[in-house]
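Report on one structure; see the data block that follows.
The values are calculated or read from the model by the stated rules, or taken from the named source; none is laboratory data. In this text, all values refer to a predicted model and were calculated from it rather than measured experimentally. Heads up, the Cβs are rebuilt from the backbone with ideal geometry, glycines too, and the neighbour counts pull from every protein chain shown.
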Amino acid sequence: MPPVIINLVSAQSETGKTTILEKLLPVLKQRGLRVAALKGHLRHYELDRPGKDSWRFTRAGAEVSGFSVSGNYVLFGSSEEKNGLEAAAERLKDFDLIIIEGNKKSKNPKIEVVRRAVNPEPILPENTVAVVTDREDLKLDIPVLELGDSSALADFICVRFLGREPQAAPAAGDLTHFDRAGRPRMVDVSAKEQTQREAYARGEITMHPDTLARVIAGSMAKGDVLGVAQVAAVMAVKETGRIIPMAHPLGISGVEVDFEPVEGAETKIEIGVRVKLTGQTGVEMEALTGVSAAALTIYDMCKAVDKNMVIQNIRLVEKKGGRSGVFSRERD
């Protein structure tokens, strides 16, 4: 069976096609695939320009020329019967996949790269089968994959072109915060693309009705309870990397804190914290930590009059961005 040939294209340069391919290749290799990566539709290449040895060898009649160094090789070739891609594919016939960077005019299946800051609208050249983008609002009739999620892109390629099942999520014994020896580690996120991420968490602290009344009135001896709790939530979000052992220190873009006093059968204050970031890892832990710190601060400022307060139901309500996409708690 000949290798599958796919073109990775975009409307213009500087969209990160090379970086996407650079991060995709090791993922495909981990899945047992033999993959070749080629630059498409070049007039000449620096190593093979007129006057260079490889150019002279091919001009002299060598079907294939090139050079080798320790552990690597580069080949140049030509064919009278086939174009460059066809000739290359013939020599790579034992490979599973050939990915070509560029060449929008190719008749091969194409995956288009769309970046908000460079080329925000897709051009969808003929035979485009998917789009990779950092736009969360892009809706198309073909699959739209998150920029930087190499695993999702590899899954799409494996399912669409090779008839392979998507890679299963890590089993309990393969949690990413443990190394092969079972010891804890901080996950390396350096290879991930920076994308927009957001998380919203909520929690609550129950209390006596008189305690809630004093909080609302601002008559607690320690001062403005909710004002101080809001500051505590923001500070905790920024310090999550110091509090949670395997969390990454992050440059948070924004924090929003909301409080909702509830009177009724169960008197309580509901707490919400929304955290935003453009980065390489999610902010779920930051939002949860912010809620926890706000609740603990309320307890601290009110404990002199009500030690029966209960902090409870701290949970992630929503998250956006990252490999797992959008999460929304069905019932909150």
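Worth a mention:
- Criterion (under 18 Å from the mean Cα position of the chain (by Cα) and closer than 30 Å to Ala117 by Cβ) met by exactly one of Lys319, Lys238: Lys319
- Test: residue in the stretch 238-258 that is in contact (Cβ under 8 Å) with a residue 12 or more places away in the chain, of a type in the set (A, V, I, L, M), buried (at least 20 other Cβ atoms within 10 Å of the Cβ) and in a helix (DSSP H, G or I): no
- Note on the stretch 10-38: among residues that are charged (D, E, K, R) and in a helix (DSSP H, G or I), the one that is nearest to Pro122 (Cα to Cα) is Lys17.
- The set of residues in the stretch 279-314 being exposed (fewer than 14 other Cβ atoms within 10 Å of the Cβ) and outside any loop (DSSP other than H, G, I, E, B) consists of Val310, Gln312.
- Where Leu296 falls short, out of the listed (1) at pLDDT 95 or above; (2) touching a strand residue (DSSP E or B) at 6+ places or on another chain (Cβ under 6 Å); (3) not hydroxyl-bearing (Ser, Thr, Tyr): (2)
- Matching residues, the stretch 207-234, being over 16 Å from Tyr299 (Cβ atoms) and either under 43 Å from the mean Cα position of the chain (by Cα) or not in a helix (DSSP H, G or I) (or both): Ile216, Gly218, Ser219, Val234
Residue-by-condition table, conditions (1) at pLDDT below 75; (2) outside the structural domain of Glu112 (by TED's automatic domain parsing); (3) farther than 30 Å from Ser150 by Cα:
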| residue | (1), (2), (3) |
| --- | --- |
| Leu33 | no, no, no |
| Leu38 | no, no, no |
| Arg43 | yes, no, no |
| Pro50 | no, no, yes |
| Arg59 | yes, no, yes |
| Ala62 | yes, no, yes |
| Ser70 | yes, no, no |
| Lys82 | yes, no, yes |
| Phe95 | no, no, no |
